[in-house]
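Have a look at the structure below, then the notes.
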Amino acid sequence: MPHVDAARKAYEARYRAENAEKVKASAARYRAEHPEKAKARDARRRAEHPEKEKARDARYRAENAEKVKASAARYRAKNPEKIKAYGARYYAKNSEKIKAYRARYNAKNPEKERVYCAKHRARKRSASGRGISGSQWRDVLASSLGLCTYCYERRPLELDHIVPLSGSGEHDIDNAVPACGPCNRSKNKTPLLLWLARRAA
């Protein structure tokens, strides 16, 4: 009967609200004792009510941001190969979407993109140093007044490692200056003093 079902649902909702900790502990015990059944039940619920589950997950993440972040960090630390394999599969399936998103993001955030690229190069070379944050690079750009460190022209600026990473330079804000594209590409991997001498010749 509809009214019986409605009354039962209302009673169950009141009970859960009044006994939240008891219900939570009971659910945790069930999951621990019957992991496969719990997993199958969750899968059925997600398949039957995808939007509702999506909204519930979003609420949980919003209300437990630090807990979710810590849990994700622990999982990544324990399962680096799984994370890597998942990333590769996801990229293979969504490469065009990812490229389009990156292009839009990079167009809106050119300074962040330069910091990211420099970090990527440093990681590939296993460069030492304390790293360079976005806020540090913004401070350097602000103090440069938009001028290239080497030619003093006002042009779009890139992040240049004074001592190149290929020459054991550190990925560190103390080893970074803003340089225009032409100067950055001209200097490239050449040691600074040698490059300056060649320019002056």
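All conditions but one from (1) within 30 Å of residue 181 (Cα to Cα); (2) under 17 Å from the mean Cα position of the chain (by Cα) apply to residue 72; the one that does not is (1). Selection of first residues in the stretch 183-194 that are touching a residue at least 24 places away in the same chain (Cβ under 8 Å) and within 21 Å of residue 155 (Cα to Cα) and of second residues that are of a type in the set (Gly, Ala, Ser) and outside any helix (DSSP H, G or I), restricted to Cβ pairs under 9 Å at least 6 apart or on distinct chains, gives the following pairs, ordered by first then second residue: 187/179. Taking each residue of the stretch 1-30 that is of a type in the set (S, T, N, Q) and looking for partners that are at pLDDT below 85 and not in a helix (DSSP H, G or I) with beta-carbon atoms closer than 8 Å, six or more apart or interchain, yields nothing.
Listed here are the residues, each with its yes/no results for (1) assigned to a helix (DSSP H, G or I); (2) under 31 Å from the mean Cα position of the chain (by Cα); (3) among the hydroxyl-bearing types (Ser, Thr, Tyr).
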{"residue": "5", "(1), (2), (3)": "yes, no, no"}
{"residue": "17", "(1), (2), (3)": "yes, no, no"}
{"residue": "22", "(1), (2), (3)": "yes, no, no"}
{"residue": "26", "(1), (2), (3)": "yes, no, yes"}
{"residue": "32", "(1), (2), (3)": "yes, no, no"}
{"residue": "46", "(1), (2), (3)": "yes, yes, no"}
{"residue": "51", "(1), (2), (3)": "yes, yes, no"}
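In summary, residue 106 fulfils each of the numbered conditions (1) surrounded by 14 or more Cβ atoms within 10 Å (Cβ to Cβ); (2) at pLDDT 80 or above; (3) within 18 Å of the chain's Cα centre (by Cα) with the single exception of condition (2).
Only residues that are within 20 Å of residue 197 (Cα to Cα), charged (D, E, K, R) and either part of a helix (DSSP H, G or I) or in contact with a Gly (Cβ under 8 Å, 6 or more places away or on another chain) (or both) were counted in the stretch 143-174, giving 0.
Within this structure, residue 91 passes the test of being more than 26 Å from residue 175 (Cα to Cα), surrounded by 10 or more Cβ atoms within 10 Å (Cβ to Cβ) and of a type in the set (Ser, Thr, Tyr). Evaluate the following for residue 95: is it under 27 Å from residue 72 (Cα atoms) and not in a helix (DSSP H, G or I)? So residue 95 does not fit the description; no. Go through the stretch 113-128 and report how many residues are surrounded by 14 or more Cβ atoms within 10 Å (Cβ to Cβ) and either at positive phi or acidic (Asp, Glu) (or both). Going through the stretch 113-128 one residue at a time, the tally reaches 1. From the list 177, 140, the one residue that fits, being closer than 26 Å to residue 103 by Cα and assigned to a strand (DSSP E or B), is 177. So residue 148 fits all but one of (1) surrounded by fewer than 12 Cβ atoms within 10 Å (Cβ to Cβ); (2) in contact with a helix residue (DSSP H, G or I) (Cβ under 8 Å, 6 or more places away or on another chain); what number is the exception? Evaluating residue 148 over (1) surrounded by fewer than 12 Cβ atoms within 10 Å (Cβ to Cβ); (2) in contact with a helix residue (DSSP H, G or I) (Cβ under 8 Å, 6 or more places away or on another chain) leaves (1) as the failure. Would you confirm whether or not the stretch 61-69 contains a residue that is closer than 27 Å to residue 171 by Cα and free of Cβ contacts under 8 Å to residues at least 12 places away in the same chain? Yes: the stretch 61-69 contains one or more residues that are closer than 27 Å to residue 171 by Cα and free of Cβ contacts under 8 Å to residues at least 12 places away in the same chain.
The values are calculated or read from the model by the stated rules, or taken from the named source; none is laboratory data. All values derive from a computational prediction rather than experimental measurement. Cβ coordinates were reconstructed from backbone atoms using ideal geometry, including for glycine residues, and neighbour counts include every protein chain displayed.
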